[in-house]
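The values are calculated or read from the model by the stated rules, or taken from the named source; none is laboratory data. No experiment lies behind these values; they were computed from the predicted model shown. Neighbour counts are summed over all protein chains in view; Cβ atoms, including those assigned to glycine, are modelled from backbone coordinates with ideal geometry. The area values use the complete protein model at the heavy-atom level, side chains included, leaving out ligands, DNA and RNA. Shrake-Rupley method; radii C 1.70, N 1.55, O 1.52, S 1.80 Å.
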Amino acid sequence: MRPNRFYNVARFGPVQVGTHCDGRGRTKHTAVCTAPGCDFSADYLTRAAAELAARTHRCKA
């Protein structure tokens, strides 16, 4: 699989969680807030951690 191609994308309110492979072939899970003015994004080792961050995220914007 090519690096940085997201798959298994889910949406939790304004936050999207996606899975991708980095340039070294490791699987990463990313949570990103899509609200305007909110700069929240983070990588996690497990899907459960990314989904928990998505569910508990509160926008500053």
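Tell me, please, whether a residue that is under 10 Å from the mean Cα position of the chain (by Cα) and β-branched (V, I, T) can be found in the stretch 45-60.
Scanning the stretch 45-60, I find no residue that is under 10 Å from the mean Cα position of the chain (by Cα) and β-branched (V, I, T), so the answer is no.
Can you list residue pairs whose Cβ atoms sit under 6 Å apart, with the first residue in the stretch 18-39 being within 13 Å of F6 (Cα to Cα) and the second being modelled with pLDDT under 90 and open to solvent by less than 60 Å² (accessible area, probe 1.4 Å)? Count only pairs 6 or more apart in sequence or on different chains.
Close Cβ pairs (under 6 Å, with a partner that is modelled with pLDDT under 90 and open to solvent by less than 60 Å² (accessible area, probe 1.4 Å)) amount to T27/C21; K28/D22.
Restricted to the stretch 33-44, and to residues that are in contact with a helix residue (DSSP H, G or I) (Cβ under 9 Å, 6 or more places away or on another chain) and in a strand (DSSP E or B), which residue is surrounded by the most Cβ atoms within 10 Å (Cβ to Cβ)?
The qualifying residue surrounded by the most Cβ atoms within 10 Å (Cβ to Cβ) is C33.
Can you tell me how many residues in the stretch 14-23 are loosely packed, with under 15 Cβ neighbours inside 10 Å and within 16 Å of A48 (Cα to Cα)?
First pass over the stretch 14-23, keeping only residues loosely packed, with under 15 Cβ neighbours inside 10 Å: 22-23.
With within 16 Å of A48 (Cα to Cα) added as a condition, the list becomes none.
Looking only at that region, the number is 0.
Residues to consider are R55, R26, R47; find the one that is at negative phi, open to solvent by 70 Å² or more (accessible area, probe 1.4 Å), in contact with a strand residue (DSSP E or B) (Cβ under 9 Å, 6 or more places away or on another chain) and not aliphatic (A, V, I, L, M).
R55
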